[in-house]
Amino acid sequence: MKIFITADHHFHHKKIIEYCKRPFKTVEEMDKVMIEKWNKKVGKDDLVIHLGDFALGAKDKVKETREKLNGTIILIKGNHDKVIKEFIVVRDSIQIGNFL
């Protein structure tokens, strides 16, 4: 098992393309590429600690995206993560091995 730490994917967030000058024409293209890259790197048995702003949008779209991603995801909720239900959500702190 590998452990990954990441943040700020902003799945389904159309304006993030403009705000961050992401190289995509549409939000659908952005989401598709990010899912493909995630699954090339993260295995099914890996752990991903996501430090917030996973997705912005409808609950069903966020759930659908989560189901396409490899790994167990622990989410530290960000300000855009209002509809998140499909994750292990952390509100205080977590300890994994010697990390706190």
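Brief remarks on what is shown
- For Ile74, the amide hydrogen comes within under 5 Å of the amide hydrogens of Val48, Ile49, His50, counting only partners 5 or more places away or on other chains and with H modelled in the peptide plane.
- Candidate residues Lys61, Lys37: accessible-area rank, largest first, probe 1.4 Å: Lys37, Lys61
- Once all protein chains are placed together, Val42 keeps about 10 Å² accessible to a 1.4 angstrom probe.
- Rolling a 1.4 angstrom probe over the protein heavy atoms with all chains in place gives segment 1-73 an accessible area of 64 Å² per residue.
- Dipole magnitude for segment 1-85: about 60 debye, using +1 per Lys or Arg Cβ and -1 per Asp or Glu Cβ, origin at the Cα centre.
The values are calculated or read from the model by the stated rules, or taken from the named source; none is laboratory data. Values in this document were obtained by computation on a predicted structure and should not be read as measured data. Neighbour counts run over all protein chains shown; Cβ positions are idealised from the backbone, glycine included. Surface accessibility is based on the protein's heavy atoms, side chains included, excluding ligands, DNA and RNA. Shrake-Rupley method; radii C 1.70, N 1.55, O 1.52, S 1.80 Å.
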